[in-house]
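**Student:** Submitted below is the structure of interest, expressed as structure tokens.
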Amino acid sequence: MTVGVPKEVKDHEARVGVVPSGVTALREAGHRVLVQTHAGEGSAITDDEYRAAGATIVLSAKDVWAESEMVVKVKEPERSEFQYLRPGLILFTYLHLAPMPELTSAMLESRTTGVAYETIVEKDGSLPLLTPMSEVAGRMSVQIGAQYLEAQNGGRGMLLSGIPGVAPANVVILGGGVVGTNAAKIALGMGAHVTVIDRNLQRLRELDDVFNGQVVTLASNVWTIGETLKLADLVVGAVLIPGASAPKLVRRAMISQMKRGAVMVDVAIDQGGCFETSKPTTHTDPIYFVDGVLHYCVANMPAAVPHTSTFGLTNATFPYVLELANKGLERACEEHYGLRQGVNTFGGYVTYRGVAESQGREFREFAMVPAAGSSAVR
Ligand SMILES: NC(=O)c1ccc[n+]([C@@H]2O[C@H](COP(=O)([O-])OP(=O)(O)OC[C@H]3O[C@@H](n4cnc5c(N)ncnc54)[C@H](O)[C@@H]3O)[C@@H](O)[C@H]2O)c1
């Protein structure tokens, strides 16, 4: 198979879909890899590194798309890339089609096969291609929080660790999943006093074990959250209810009872945020204040660390890339339940129920759509 890796065109997106180690593995499996020139630059990977790994460097995006049977990207196609979509092309990337009817139409009209990172679900219910970005955002949340607690950045002028004779900061983490656990790990490592609040008691038991009793674990309810926030210096919002908007755990009135200059990092902002006072911000203009409490609500935190994010993402995506290249879409999906869940568009139909429902479009089981020009896929 010829696998193409274009340079991302979305604003501020510096990640890339395949790294040199992936190129070598694809080459060794007998595939050809086309990488657009400068595709890895934002993640500190040079054309020479790709070349040394066995890639062919291609000057234009148009040629990468036109010559590839499968294109591996990071973000959904921008409008300027719609022209490259075509029948039978496999596009493997984060697609997030549900809120994007225009992109969905472009995928369907061109009969492009869209395999979305975010809907790949393994049998244990895990979302393997979302986990690495949660790990990045969770670890970053405390690093960012520590930075904004400094006085010149608007915070209350506090060192997360304290010093001998001066108490450390109180870090309160709402949600003890992937983001929350990674935030707790960094906060503990920096010497903070850490509290994790979750509604899942089993999860709290696991955290108590993992951190050997060094984090305070609390069951989630309105009263506990309100009381805990009064003492917080840094709050990390990390709750998720799969498939739904984030619950607004922090009410407006709780903010006014918090310390001036405390810092709130709402990582869950990509699902609407878990503070009533949250609104999405950008890396260019990341913070604002409510009642003197600093809010940081950047929806794409991992974009700030593209090198780490690219390697974290591709560690997770690459086994699927190789499987698709080795077996082709139909056999790979037939043999791999998780991958099959990723197919969002195929043969001009929406094949992911959530996308069809959110846009009022016809849904077809992937297995029921006749394959382009051949027999039905089972
Ligand atoms: N801003 C970014 O750049 C960025 C990056 C990655 C992930 N995220 C987002 O971060 C959020 C968390 O992701 P995750 O991977 O950690 O999810 P996760 O499913 O691993 O963890 C979510 C946790 O929230 C807990 N929870 C649910 N309802 C709760 C409640 N009412 N009170 C307390 N806890 C509750 C769950 O029990 C679970 O432990 C998601 O919205 C995700 O999309 C954002």
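**Student:** From the phi angles alone, apply the Karplus equation (6.51, -1.76, 1.60; θ = phi - 60°) to the stretch 335-345 and give each ³J(HN,Hα) in whole Hz, x where the residue is Gly or Pro.
**Tutor:** Here the 3J(HN,Hα) series is 8, 10, 3, x, 5, 4, 5, x, 6, 9, 9 Hz.
**Student:** Shifting gears a bit: For the stretch 226-242, what does the Karplus curve 6.51 cos²θ - 1.76 cosθ + 1.60, with θ = phi - 60°, yield as ³J(HN,Hα) per residue in whole Hz, taken in order and with x for Gly and Pro?
**Tutor:** Once rounded to whole Hz, the list reads x, 5, 5, 5, 4, 9, 7, 9, 9, 10, 10, x, 9, 8, 8, 10, x.
**Student:** Given the stretch 320-360, what whole percent of its Cα pairs are spread farther than 13 Å?
**Tutor:** For the stretch 320-360, the share of Cα pairs beyond 13 Å comes to 54 percent.
**Student:** Using the Cα gyration tensor of the stretch 158-254, with a ≥ b ≥ c the square roots of its eigenvalues, what is the shape: rounded (a/c below 1.5), prolate (a/b larger than b/c) or oblate (neither)?
**Tutor:** Working: a/c = 1.93, a/b = 1.33, b/c = 1.46.
Here the stretch 158-254 falls in the oblate category.
**Student:** A further question follows. Return the carbon/sulfur percentage of the accessible area of the stretch 285-378, one whole number, probe 1.4 Å, all protein chains in place.
**Tutor:** 51 percent
**Student:** To two decimal places, what compactness ratio does the stretch 236-277 give when its Cα radius of gyration is scaled by 2.2 N^0.38 Å?
**Tutor:** For the stretch 236-277, the normalised Cα radius of gyration comes out at 1.16.
**Student:** Still on this structure: Who wins for biggest fluctuation among Met158, Met301, Met70 in a Gaussian network model of the chain, springs between alpha carbons below 10 Å?
**Tutor:** Met158
**Student:** Using Cα positions and a limit of under 13 Å, work out the aspartates and glutamates in reach of Lys7, with same-chain residues fewer than 8 apart set aside.
**Tutor:** Straight-line reach from Lys7, under 13 Å: Glu41, Asp47, Asp63, Glu76, Glu78, Glu81.
**Student:** Pick from Gln271, Gln202, Gln147: which is most flexible by mean-square fluctuation in a GNM of the chain where alpha carbon atoms under 10 Å apart are linked?
**Tutor:** Taking springs between Cα atoms under 10 Å, the residue moving most is Gln202.
**Student:** To the nearest whole percent, what portion of all C-alpha pairs in the stretch 289-329 is separated by more than 14 angstrom?
**Tutor:** Working: 538 of 820 pairs.
Across the stretch 289-329, Cα pairs with separations above 14 Å total 66 percent.
**Student:** Can you classify the stretch 284-369 as rounded, prolate or oblate using the Cα gyration tensor, where a ≥ b ≥ c are the square roots of its eigenvalues, rounded means a/c under 1.5, and otherwise it's prolate if a/b beats b/c and oblate if not?
**Tutor:** oblate
**Student:** Moving to a separate point now. Shape call for the stretch 8-111 from the C-alpha gyration tensor, a ≥ b ≥ c root eigenvalues: rounded (a/c under 1.5), prolate (a/b greater than b/c) or oblate?
**Tutor:** On the way: a/c = 2.11, a/b = 1.58, b/c = 1.34.
Prolate shape, in that a/c is at least 1.5 and a/b is the bigger ratio.
**Student:** While we're on this one: For the Cα atoms of the chain, what angle does the longest principal axis make with the long axis of helix 201-210, in degrees from 0 to 90, nearest 10?
**Tutor:** Tilt of helix 201-210: around 80 degrees.
**Student:** Right, something else. Of Gly191, Ile255, Val71, which is farthest on the positive side of the dipole of the chain, counting Cα position, with +1 on Lys and Arg Cβ, -1 on Asp and Glu Cβ, and the Cα centre as origin?
**Tutor:** Ile255
**Student:** A follow-up question, please. Given Ala238, Ala304, Cys333, which one lies farthest toward the positive end of the charge dipole of the stretch 187-338, if we put +1 on the Cβ of every Lys and Arg and -1 on the Cβ of every Asp and Glu?
**Tutor:** My answer, from the dipole projection, is Ala238.
**Student:** Further, regarding this structure: Expressed as an acute angle from 0 to 90° and rounded to the nearest 10, what is the orientation of the C-alpha long axis of helix 131-148 relative to the principal long axis of the chain?
**Tutor:** 40 degrees
**Student:** Rounded to the nearest 20 debye, what is the charge dipole size of the chain about its Cα centre when +1 sits on each Lys and Arg Cβ and -1 on each Asp and Glu Cβ?
**Tutor:** Once rounded to the nearest 20, the dipole reads 520 debye.
**Student:** Just to confirm, what accessible area per residue do you get for the chain at 1.4 Å probe, in whole Å²?
**Tutor:** Roughly 43 Å² per residue, with all protein chains present.
**Student:** On to the next question. So which lysines pass the test for Lys259, namely a Cα distance under 23 Å, with those fewer than 8 places away in the same chain ruled out?
**Tutor:** Cross-link targets: Lys230, Lys248, Lys279.
**Student:** Okay, next question. Please compute the Kirkwood hydrodynamic radius of the stretch 76-146 from all pairs of different C-alpha atoms, in Å with one decimal.
**Tutor:** 14.0 Å
**Student:** Could you give the C-alpha radius of gyration of the stretch 215-346 expressed as a fraction of 2.2 N^0.38 Å, taking N as the number of residues it contains?
**Tutor:** Output field value: 1.40.
**Student:** To continue, here is another question. Normalise the Debye intensity by I(0) for the stretch 252-295, one equal point scatterer per Cα, no solvent, then take log10 at q = 0.14, 0.16, 0.19, 0.33 Å⁻¹ and round to two decimals.
**Tutor:** -0.29, -0.38, -0.54, -1.29
**Student:** I've got another one for you. Which residues' amide hydrogens lie under 5 Å from the amide hydrogen of Thr281, considering only partners 5 or more residues apart or on another chain, with H built in the peptide plane?
**Tutor:** Cys297, Val298, Ala299
**Student:** Out of all DSSP beta bridges in the stretch 207-310, what portion is antiparallel? Express it as a percent rounded to 5.
**Tutor:** The antiparallel fraction comes to roughly 30 percent.
**Student:** Which distance in Å, rounded to a whole number, links the C-alpha centroids of the stretch 34-84 and the stretch 248-294?
**Tutor:** Their Cα centres are 37 Å away from one another.
**Student:** Once amide H atoms are built 1.01 Å from N in the peptide plane, which residues 5 or more positions from Arg32, or in another chain, come under 5 Å H to H?
**Tutor:** Amide H neighbours of Arg32, under 5 Å, 5+ apart: Thr2, Val3.
**Student:** Once you have all Cα-Cα distances for the chain, histogram them in 10 Å bins from zero and send the whole-percent values.
**Tutor:** Values per bin, smallest distances first: 5, 23, 28, 22, 15, 6, 1, 0.
The values are calculated or read from the model by the stated rules, or taken from the named source; none is laboratory data. Everything numeric here is computed off the predicted structure, so don't read it as measured data. Every residue, glycine among them, receives a Cβ derived from its backbone with ideal geometry; neighbour counts consider all protein chains shown. Just so you know, the surface numbers come from the protein's heavy atoms only, side chains and all, with ligands and any DNA or RNA stripped out. Shrake-Rupley method; radii C 1.70, N 1.55, O 1.52, S 1.80 Å.
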